[in-house]
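I have placed the structure first, in the form of structure tokens, so that the comments after it can refer back to it.
Every number here is computed from the coordinates shown, using simple stated rules; none is lab data. The shown structure was predicted, so the numbers you read here are calculated from the model rather than taken from an experiment. Neighbour counts are summed over all protein chains in view; Cβ atoms, including those assigned to glycine, are modelled from backbone coordinates with ideal geometry.
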Amino acid sequence: MLPHADDLPELLLDLAVPHEDINELVNRRHGVTDDPRTRGLLRECVEELFRDPGETGRTPDLAGLFDAAPAELSDIFAAYVFLAAVPRTLARHRERGIPPEISRRTLADLGRHMAVHRRRHGTTGVHARRWLVRHFRGELYQLGRLQFERARLGQRTGPVLAAAGLDAAPGTPCLNLHIPDFYGPLTPAACDRSLALAREFFARHFPEERPVAALCHSWLLDPQLKRYLPADSNIIRFQERFRTAREDTEPADTEPVQFVFGDPGLPVAELPRRTSVERAVGDHLRAGGHWFIGHGWFPFRTEPNPGA
């Protein structure tokens, strides 16, 4: 299921895997291929990854299978699972007529999350293993600056959208919007371009779903940021795109620390103050405040399908 060792570097480069991780992944490949039990676990993981392919919002949880890998492969076994899944993922993309460049940019999130792992731990590994299952199942796509995940409204959000006048109920198709790291500023123009790409993309490649809204669940939507950032900042202008779906009461202080500083376990007292966002996150926590996940939405209409 895995590419030959001689072919593996090219695939790793296509997936934006950091150069300093490539030799290790090639050299440790035999730990998977030489052991019948580990090969069987790899096949089981790939089959589970593609279970119920038409079901959105029910991403399989492979954590238990990932954790069953031999201890010497625990840090990188998930990478081999995703590498083995690539041919089936690309076949699904081709069935939907998805352009190769979108496939490449979407699956390059593997490299991004290996870079996050290296930034935090200084070693080869995969950050957010369960998150990446969405990409390789065909549930999530990188379209310009933003990522869009095929999803369905839940029991809490559906009634909120219905009350606002949308033809919406729990189970109605929607899109979850995500903001990847290492992709430059979150400018209004970049977001506008992503949304335009998404409207055409989902009309063309998933015409049967017709998502009614785009949702975002992120600390970037915490309204407290308006106390610290100017009204014309990219983050505040991003917030203004959304209507509030609900408010959380449980603090999520590690979320901004993780995404701004790279490590959720950093001592609050030592957080740097180099940028306006760093100062906002750290100063708020040092003053005894808390950060919360914001939940926002806005109506989403797909463009007419050019192929219809």
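Odds and ends about this structure:
- Spin-label model, Arg301/Thr33: points 7 Å from Cα along the beta carbon direction are separated by 5.3 nm.
- Per-residue Karplus couplings for the stretch 180-195, computed as 6.51 cos²θ - 1.76 cosθ + 1.60 with θ equal to phi - 60°, are listed in order as x, 7, 6, 9, x, x, 8, 6, x, 5, 5, 5, 4, 5, 4, 5 Hz, Gly and Pro entered as x.
- Longest exposed-site-free window of the chain, the sites being trypsin sites (Lys or Arg not before Pro) in a DSSP loop that have at most 16 other C-beta atoms within 10 Å: 157-272
- Note on the chain: dipole from Cβ charges, positive end direction compared against Phe77, Thr187, Gly122; the farthest Cα belongs to Thr187.
- Per-residue ³J(HN,Hα) for the stretch 91-96, Karplus 6.51 cos²θ - 1.76 cosθ + 1.60, θ = phi - 60°, Hz, x for Gly and Pro: 5, 5, 4, 5, 4, 8
- Sorted by Cβ density within 10 Å, fewest first, the residues Glu101, Glu255, Glu278: Glu101, Glu278, Glu255
- Nearest-20 debye value, the chain charge dipole, Cβ charges on Lys, Arg, Asp, Glu: 760 debye
- Cut-off under 5 Å, modelled amide H: who pairs with Leu215 long-range: Leu175, Asn176, Leu177
- Amide H contacts under 5 Å for Arg246, placed H, 5+ residues apart: His295
- Summing Lys and Arg as +1 and Asp and Glu as -1 over all other residues whose Cβ lies under 10 Å from the Cβ of Pro256 gives a net charge of -4.
- Within the stretch 158-178: backbone nitrogen closer than 16 Å to the Asp248 label point (7 Å, Cα to C-beta): 177-178
- Derived scalar couplings ³J(HN,Hα) [the stretch 227-233; Karplus, 6.51 cos²θ - 1.76 cosθ + 1.60; whole Hz; x for Gly, Pro]: 6, 10, 10, x, 4, 9, 5
- The charge dipole of the stretch 1-127, taken about its Cα centre with unit charges on the Cβ atoms of Lys, Arg (+1), Asp and Glu (-1) only, comes to about 340 debye.
- Per-residue Cβ neighbour rank within 10 angstrom, fewest leading, Met1, Met114: Met1, Met114
- Projecting the Cα positions of His290, His93, Leu175 onto the charge dipole of the chain (unit charges on Cβ atoms of Lys, Arg, Asp and Glu, taken about the Cα centre) puts Leu175 furthest along the positive direction.
- Cα gyration tensor, the chain - rounded (a/c under 1.5), prolate or oblate: oblate
- The stretch 1-138: proportion of alpha-carbon pairs further apart than 27 angstrom, %: 13 percent
- Extension gain, Ala287-Ala163: 0.36 nm per intervening residue step, less the Cα-Cα distance, totals 40.9 nm.
- Label-to-label distance for Val26 and Ser276 is 4.5 nm, based on points extended 7 Å past Cα in the beta-carbon direction.
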